[in-house]
Amino acid sequence: MNRRDLLRSASALGLSTVAGRVWAAPKADARLLVVFLRGAYDAANVVIPTGSDFYYRVRPNLAVAKQDALALDGDWGLHPALRDTIMPLYAKGQAAFVPFAGTDDLTRSHFETQDTIELGQTIGASRDYNSGFMARLAAELTRVRPIAFTEQLPLIFRGGAEPVPNIAINGVGKPAIDDRQAALIAAMYKDTPLANAVAEGFRVRNEVYQSISNHADQADRGAASPKGFELSARRIGRLMRDTFNLGFVDVGGWDTHVNQGGAKGYLADRLGELGRGIAGFAEEIGPGWSDTVVVVVSEFGRTFRENGSRGTDHGHGSTYWVLGGGIRGGRIAGPQVRADEAHLFQNRDWPVLTDYRSLLSGLLGRLYGLDQNALKRIFPGNEPANLALI
């Protein structure tokens with residue numbers, strides 16, 4: 001075999017060459033799910049600075065009382081809506097929180113900043129809307145099976161060499177197109193560049209529907225049916241347990257300008273649903289939870305002071321969650337400052353002390369064994385931060 005044939009064979013096997021040396025790309029043996037809370041959730045009322053008198057002074061209607069918060073350490077508490085779901089994971093060292101996290105995008109625009117995070121590109125540079133950071137991550141791995149649990153393919157998965165399937169996991173019903181019609185449509189695209197994508201789309205659709213239908217037939221007698229995100233997350237858990245290992249899902253409803261509530265109310269209800277969903281996902285994954293990482297992000301945080309409508313407005317820094325059976329959790333990770341007026345960003349918001357790209361880059365490097373060159377391709381112009389979460 002000559003050198004050209006050798007390199008062609010290496011490429012077909014998912015191998016790369018560096019300075020004449022053949023090496024295998026890291027394997028996607030672990031599972032990763034990114035949960036995007038669209039709308040900018042109020043992190044300060046979820047991971048609560050219970051040691052801050054300033055917090056209680058500027059949130060007379062919204063603050064969660066110290067006696068209601070679940071103690072995480074001497075300075076921080078967790079919202080009581082997460083008592084039975086996320087707090088047990090934290091107690092077992094399977095959940096960590098990273099406050100003062102976010103992006104250097106200062107627009108405070110939902111759409112602008114959501115795009116910023118999904119693309120994972122350098123602020124101020126020309127944006128490539130066909131290059132999401134999870135698509136770039138997938139390109140660095142072998143044995144990867146990515147999927148977006150969304151109605152449309154999100155920016156975060158755009159631009160990959162192979163098409164990424166997407167399917168709305170909420171309210172999945174029997175496919176509107178039957179097998180005969182699917183075969184006719186596939187035949188229309190035969191011998192075109194879209195042939196593989198069309199065939200894969202129908203195959204994944206049927207696989208997801210079959211998985212969900214089979215589970216629905218096994219209803220537990222007398223048990224309450226899960227609702228909302230909990231049901232969706234359990235479906236995602238079963239699919240990622242058996243088939244997929246790189247997933248993305250978004251959850252809306254976090255833009256709380258009016259009547260946000262404190263220990264109870266609108267935000268508390270949303271948090272309860274989110275917590276039950278994540279706990280249900282972990283339960284469905286089963287023993288694979290030890291090799292699974294869930295990262296919960298949002299585009300930005302909210303104003304530290306409550307507004308005149310008993311809500312909060314668009315802010316800056318947020319708090320990210322990292323969960324999984326094999327992480328080093330049970331702690332508040334990353335650099336921190338006092339939650340007081342002197343440390344507010346522009347006298348209104350949490351500052352950003354941990355860049356989201358640095359956080360994710362360091363996490364992905366440890367999770368998949370990616371080297372610095374690979375991490376630079378996923379997050380160009382960024383230095384990874386090692387928060388010792390893995």
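The values are calculated or read from the model by the stated rules, or taken from the named source; none is laboratory data. Everything quoted here is computed from the prediction, not taken from an experiment. No Cβ is skipped: glycine too gets one built from the backbone with ideal geometry, and neighbour counts run over all protein chains shown.
Give me a count of the residues in the stretch 257-281 that are more than 20 Å from the chain's Cα centre (by Cα) and of a type in the set (Val, Ile, Thr).
Residues that pass the stated criteria total 1.
Could you tell me how many of the residues in the stretch 280-320 are surrounded by fewer than 21 Cβ atoms within 10 Å (Cβ to Cβ), in contact (Cβ under 8 Å) with a residue 40 or more places away in the chain and assigned to a helix (DSSP H, G or I)?
Qualifying residue count for the region: 5.
Out of all the residues in the stretch 121-141, which are under 16 Å from Tyr356 (Cβ atoms) and of a type in the set (Ser, Thr, Tyr)?
Thr122
Can you name the number of the only condition in (1) at pLDDT below 95; (2) more than 28 Å from Ser131 (Cα to Cα) that Thr303 fails?
(1)
Lys92 is checked against (1) without any contact (Cβ under 8 Å) to a residue 60 or more places away in the chain; (2) surrounded by fewer than 16 Cβ atoms within 10 Å (Cβ to Cβ) and fails just one. What number does that condition carry?
Here Lys92 clears every test but (1).
Pull up the stretch 338-390, narrow it to residues that are of a type in the set (Asp, Glu) and not in a loop (DSSP other than H, G, I, E, B), then point me to the one that is nearest to Tyr41 (Cα to Cα).
Ranking the qualifying residues of the stretch 338-390, first place goes to Asp349.
Looking at the stretch 238-276 only, could you name the residues that are in a strand (DSSP E or B) and basic (Lys, Arg)?
none
Could you look through the stretch 108-131, keep only residues that are part of a loop (DSSP other than H, G, I, E, B) and over 18 Å from Glu383 (Cα atoms), and pick out the one that is nearest to the chain's Cα centre (by Cα)?
Top of the filtered list is Ser131.
Can you tell me how many residues in the stretch 132-156 are part of a loop (DSSP other than H, G, I, E, B) and either among the small types (Gly, Ala, Ser) or on the phi < 0 side of the Ramachandran plot (or both)?
11
Here is a list: Gly237, Gly247. Which entry is touching a strand residue (DSSP E or B) at 6+ places or on another chain (Cβ under 6 Å), modelled with pLDDT of 55 or more and surrounded by 22 or more Cβ atoms within 10 Å (Cβ to Cβ)?
Of Gly237, Gly247, the one residue that is touching a strand residue (DSSP E or B) at 6+ places or on another chain (Cβ under 6 Å), modelled with pLDDT of 55 or more and surrounded by 22 or more Cβ atoms within 10 Å (Cβ to Cβ) is Gly247.
Counting just the residues of the stretch 24-41 that are over 16 Å from Leu375 (Cβ atoms) and modelled with pLDDT under 85, which one comes out surrounded by the fewest Cβ atoms within 10 Å (Cβ to Cβ)?
Ala24
Step by step: first the residues of the stretch 373-385, then only those that are farther than 17 Å from Ala135 by Cβ and in contact (Cβ under 8 Å) with a residue 12 or more places away in the chain, then the one that is surrounded by the fewest Cβ atoms within 10 Å (Cβ to Cβ). Which residue is that?
The selected residue is Gly381.
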